[in-house]
Amino acid sequence: MPITQSIDGGTLTLRLAGDFVVDRLAEIETDLAGASSAVARSVVFDVSAIGRLDISGACLILERARRLSDAGVPTRVAGARSEHFEFLEELRARARTASADAGTARAKYRWNKVSLSVGTWTLQRTADLIDGLAFLGHIVAVLASAGRSLRRLRAPSIARHVYETGVTAMPIVALIAFLIAVIVAYLGADQLRKFGAEIYVVDLVTIAVLREMGVLLTAIIVAGRSGSAFAAEIGVMKLNEEVDALDAIGMDPVEVLVLPRVIGLVIALPLLTVVADAMGLLGGGLLSAWLVDIPATQYIQRMQESIASTTFWAGLVKAPVFAFLIAAVGTYRGMQVRGSSRELGRLTTVAVVQSIFLVILADALFAILFVEIDF
């Protein structure tokens with residue numbers, strides 16, 4: 001299967017002769033590999049003298065031409081027997097088009113997948129928001145309806161929840177408030193000492209505890225403690241079909257299960273806030289006496305001078321709002337439990353996270369409002 005070479009003006013012509021068929025692929029590869037194109041600026045494959053030619057032989061010739069083209073040497077096929085090459089070139093062109101279309105399709109699929117995920121998330125959050133607002137509206141409607149009769153408010157159940165969410169939480173709330181106030185006083189004294197302004201530690205502790213930290217820390221503790229308990233208690237009742245039993249006997253689960261918890265927490269959280277404020281001021285006073293030698297009488301006097309008439313109420317007025325948000329989220333997530341204990345655990349976690357988020361968001365809105373109205 002001889003291959004003759006000739007070069008003219010930098011163009012190398014490879015004249016192929018013999019049979020280029022599948023039975024002689026090894027010889028074809030050897031001959032094509034032995035054809036030198038080192039000094040050529042372009043290469044022409046002349047196939048006019050080929051005897052028999054099948055697709056396999058044509059593929060080898062085109063593969064050699066492709067390698068030369070990749071190396072920067074232009075190539076073409078010449079000769080009367082070109083139908084095999086035209087067919088293969090058409091197949092390769094279609095393959096390149098299909099590959100490009102596949103790449104475009106993959107990019108479009110990725111974009112569609114992202115869009116679908118964002119759209120699905122948006123629709124789910126929107127539906128969740130609508131359901132949550134409907135649940136809040138149901139609570140308000142039931143409260144307005146039950147307010148006409150004290151018996152429907154279930155005072156014993158409210159008292160039990162006040163005890164469970166308020167009285168039993170007093171130790172941990174008092175301890176946390178005391179420690180946080182000590183930390184604030186310590187850090188404040190360390191910085192103010194550089195300017196000889198240690199007396200302003202009292203202002204720092206008093207305003208921080210009464211306006212923000214007392215009620216905010218209390219709400220976060222209650223959200224983790226009582227919000228999760230509300231979700232878990234009602235969630236277990238949903239799994240045990242106790243809520244369905246209330247529906248079956250004609251009782252409103254919101255009136256029986258949700259309303260007493262909401263009212264109980266709305267009563268308990270302001271009382272816990274007062275305890276947190278007192279323990280925070282006590283912690284700040286003890287550290288001030290120990291660290292910067294401010295006696296109790298001077299501490300009390302300075303505390304009275306530093307607070308305005310609205311300082312205490314600016315913190316206390318937030319407590320019922322925080323309590324309502326915590327109780328509403330906890331009971332709402334409990335009502336959503338379906339099917340398994342795993343769902344119960346997930347929704348209990350969601351209740352705590354969302355409660356804390358809403359408490360901090362509401363606190364930020366209160367801060368903006370109080371600045372605007374100079375409260």
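The values are calculated or read from the model by the stated rules, or taken from the named source; none is laboratory data. Keep in mind it's a predicted model, so treat the numbers as computed, not measured. Here the Cβ is made from the backbone with ideal geometry for all residues, glycine too, and neighbour counts use every protein chain on show. Side chains are part of the model used for accessible areas, which takes the heavy atoms of the whole protein and leaves out ligands, DNA and RNA. Shrake-Rupley method; radii C 1.70, N 1.55, O 1.52, S 1.80 Å.
So, in region 314-342, exactly how many residues are part of a helix (DSSP H, G or I), touching a residue at least 60 places away in the same chain (Cβ under 8 Å) and open to solvent by 40 Å² or more (accessible area, probe 1.4 Å)?
Qualifying residue count, region 314-342: 2.
So Thr349 fits all but one of (1) among the polar types (S, T, N, Q); (2) surrounded by 17 or more Cβ atoms within 10 Å (Cβ to Cβ); (3) closer than 20 Å to Val222 by Cα; what number is the exception?
(2)
Working carefully through the options Arg125, Arg160, Arg148, Arg152, find the one that is under 30 Å from Glu255 (Cβ atoms) and not in a helix (DSSP H, G or I).
Arg148
Output the residues belonging to region 225-258 that are within 24 Å of the chain's Cα centre (by Cα) and open to solvent by 40 Å² or more (accessible area, probe 1.4 Å).
Result: Arg225, single match.
From the list Thr273, Thr297, pick out the single residue that is assigned to a helix (DSSP H, G or I), among the hydroxyl-bearing types (Ser, Thr, Tyr) and touching a residue at least 12 places away in the same chain (Cβ under 8 Å).
Exactly one of Thr273, Thr297 is assigned to a helix (DSSP H, G or I), among the hydroxyl-bearing types (Ser, Thr, Tyr) and touching a residue at least 12 places away in the same chain (Cβ under 8 Å), namely Thr273.
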